[in-house]
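Notes follow the structure.
FYI, it's all coordinate maths here, none of it is from the lab. From a predicted model like this one, the values you see are computed outputs, not experimental measurements. Counting neighbours? That spans all protein chains shown, and the Cβs are built from the backbone with ideal geometry, glycine included.
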Amino acid sequence: MRKLWKTLVALPAALLALCGTALAAGGGASPVVIVSDTRDLTGILAWWSHLYNESHLQFTILTVILIPVLGMTLGLLTDLVMKNIGIDLSKRDVAEH
Amino acid sequence: MDWMYMLMPIAGVKIFWPGLIILGLGMGIIGGFFGMGGAWMITPGLNILGFPMAFAVGTDIAHMAGKSLISTLRHGKFGNVDYKLGFIMIIGTVVGMELGAQMLMWLERLGNIDLVVRLIYVALLVFITWMVFSDVQKRKAKDRAALAAGKELDKHAVGLEWHKTLHKIKIPPMVHLNVAGIYCSMWLPIFVSFLTGWLAGILGIGGGLIRMPSLIYLLGCPTHVAVGTDLFEVMISGLYGAATFTYKGRTELVAAIIMLCGAAIGAQIGTVATKYIKGYGIRIAFGWAVIGCLVSIILKLIGGWIPSVKSLCNDGATVVVLGTVTALAVVIFLGMVKGAAKEIADKKAAA
């Protein structure tokens, strides 16, 4: 019951806080509209630029998916290299404050 | 050499792309090691590379989201992230940042606030520097006293013990933060995160520079847990920031991806370096990073006061920031290589 109360209080509080930030971020935006010049672009760069010009929402969804996936992939590749070198990535021995 | 320059499709400028990778690598190492986003170091770097400032913040935040995600996961595996503390702190951080940002806008309407903000920033950085180095000195004094008494100092001993006084506040609900090894009132992390968020909102920064030392000195987190938990906060704010800035059309995705190629690798190097470097080593290096930031802001202040030396001071500030990034990244990288070499040698000797 106590856990339920905590959840009931914490969830609206977190949502309210996030709404506030969203409003603050929206309020600070510049009214300038930036358009990508796609004339000299080809391939994936042209596609990205067209997407940016046509829909910021779709471009945002692409960014929000692509960035974490790329970060994870490169990070895991680095992990593989480090493991192959012989570094133990499962624990940290140093236990000092 | 034309192939070394790449057209940024949205910003419409050609950028020296290896510079983006090097900047990302350096900041990845520092971010993974100290647990901060490091926008104060990246923005001058992007500026030097010829990046339009309209895209600098959004691009920086987008790449930060990717690198902090992988660093948080690695720190989590090392047992450096207190997720419970992280979630509690999100509430205070968001509310504090919102209040700080609103307050900044209110102050801007009253008049020119730039100088006041920079002075607050300087005072805060002086305080953090003093806090870090006086903590180091006090711990050294304890170490010397223990040696003189023929004893060995407890490895969990610290110089400044403000957190012990704050832990005496017993306002319910009380929480056990198991990873950090803290039992305190839930209001303490909320208050600390609110305070750091409020300051970050007023100063217009991400807040890692303030939050990391606050986790150590006010909450009493071990250094490694402070780094990991702070990165968790950076990850959440980075993902949100990436979405909101991109939606406003202020992210150059190509540049963010190129920077991320260096940053994701650097973040892993910085995170693994914490495996070999003791808590107080991290604190001392952090103190030097804060000094670098402090000197760059003082130079900018001088440039504002004396117009004849403005460009010299601005250039000097950029050199100081990039010099700090390079020096710290090299030191952390060498620390990681040294530690890894010792670990591998020990394994071979044991086999």
#### Entry: Failed item, numbered, when B:Gly28 is tested on (1) in contact (Cβ under 8 Å) with a residue 24 or more places away in the chain; (2) within 13 Å of chain A (Cβ to nearest Cβ); (3) of a type in the set (Gly, Ala, Ser); (4) not in a helix (DSSP H, G or I)
(4)
### Summary
The one condition A:Arg92 fails out of (1) closer than 30 Å to B:Gly181 by Cβ; (2) part of a helix (DSSP H, G or I) is (2)
### Query
Hey, B:Thr244 hits all of (1) at the interface with another protein chain (Cβ under 7 Å from one of its Cβ atoms); (2) within 18 Å of the chain's Cα centre (by Cα); (3) without any contact (Cβ under 8 Å) to a residue 40 or more places away in the chain but one; which does it fall short on?
(2)
### Query
Considering only residues of segment B:255-266 that are aliphatic (A, V, I, L, M) and more than 7 Å from chain A (Cβ to nearest Cβ), which is nearest to B:Leu25 (Cα to Cα)?
B:Ala263
#### Entry: Restricting segment B:268-290 to residues that are surrounded by fewer than 21 Cβ atoms within 10 Å (Cβ to Cβ), over 26 Å from B:Leu46 (Cβ atoms) and free of Cβ contacts under 8 Å to residues at least 60 places away in the same chain, the residue that is nearest to the other protein chains (Cβ to nearest Cβ)
B:Lys278
### Hits in segment A:39-89 (condition: within 28 Å of B:Lys347 (Cα to Cα), buried (at least 16 other Cβ atoms within 10 Å of the Cβ) and either of a type in the set (Phe, Trp, Tyr) or more than 8 Å from chain B (Cβ to nearest Cβ) (or both))
none
### Query
Looking at B:Thr129, is it over 27 Å from B:Gly76 (Cβ atoms), polar (S, T, N, Q) and either touching a helix residue (DSSP H, G or I) at 6+ places or on another chain (Cβ under 7 Å) or touching a residue at least 40 places away in the same chain (Cβ under 8 Å) (or both)?
yes
### Query
Has segment B:15-22 got any residue that is out of contact with any Pro (no Cβ under 6 Å at 6 or more places or on another chain) and over 22 Å from A:Leu66 (Cα atoms)?
yes
### Message
Go through (1) over 12 Å from the mean Cα position of the chain (by Cα); (2) assigned to a loop (DSSP other than H, G, I, E, B) for B:Gly206 and report which single condition fails.
### Response
(1)
### Selection count where residues are surrounded by fewer than 17 Cβ atoms within 10 Å (Cβ to Cβ) and under 21 Å from B:Leu46 (Cα atoms), scope segment B:302-313
3
### Message
Criterion first (out of contact with any strand residue (DSSP E or B) (no Cβ under 7 Å at 6 or more places or on another chain) and of a type outside the set (D, E, K, R)) does B:Leu195 satisfy it?
### Response
yes
## Note on the structure
How many residues of segment B:134-168 are among the aliphatic types (A, V, I, L, M) and in contact with a Lys or Arg (Cβ under 7 Å, 6 or more places away or on another chain)? The answer is 5
### Query
Applying the selection to segment B:164-176, what residues are more than 11 Å from every other protein chain (Cβ to nearest Cβ) and either of a type in the set (Gly, Ala, Ser) or in contact (Cβ under 8 Å) with a residue 24 or more places away in the chain (or both)?
B:Lys164, B:Leu166, B:His167
### Query
Across segment B:218-267, which residue is surrounded by the most Cβ atoms within 10 Å (Cβ to Cβ) among those that are more than 30 Å from B:Lys168 (Cβ to Cβ) and among the aromatic types (Phe, Trp, Tyr)?
B:Phe245
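Table: residues versus (1) away from every other protein chain (no Cβ under 14 Å); (2) touching a helix residue (DSSP H, G or I) at 6+ places or on another chain (Cβ under 6 Å).
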{"site": "B:Ile306", "(1), (2)": "yes, no"}
{"site": "B:Ser311", "(1), (2)": "yes, no"}
{"site": "B:Val320", "(1), (2)": "yes, yes"}
{"site": "B:Thr324", "(1), (2)": "yes, yes"}
{"site": "B:Val330", "(1), (2)": "yes, no"}
{"site": "B:Gly335", "(1), (2)": "no, yes"}
{"site": "B:Ala340", "(1), (2)": "no, no"}
{"site": "B:Ile344", "(1), (2)": "no, no"}
{"site": "B:Ala351", "(1), (2)": "no, no"}
### Query
Are any residues in segment B:256-285 in a helix (DSSP H, G or I), closer than 30 Å to B:Gly159 by Cβ and among the β-branched types (Val, Ile, Thr), and if so, which ones?
B:Ile269, B:Thr271, B:Val272, B:Thr274, B:Ile282, B:Ile284
### Query
Can you pull out the residues in segment B:154-166 that are surrounded by 15 or more Cβ atoms within 10 Å (Cβ to Cβ) and more than 26 Å from the chain's Cα centre (by Cα)?
none
### Message
Tell me yes or no: at least one residue of segment B:339-348 is over 12 Å from B:Ile30 (Cα atoms) and outside any helix (DSSP H, G or I).
### Response
no
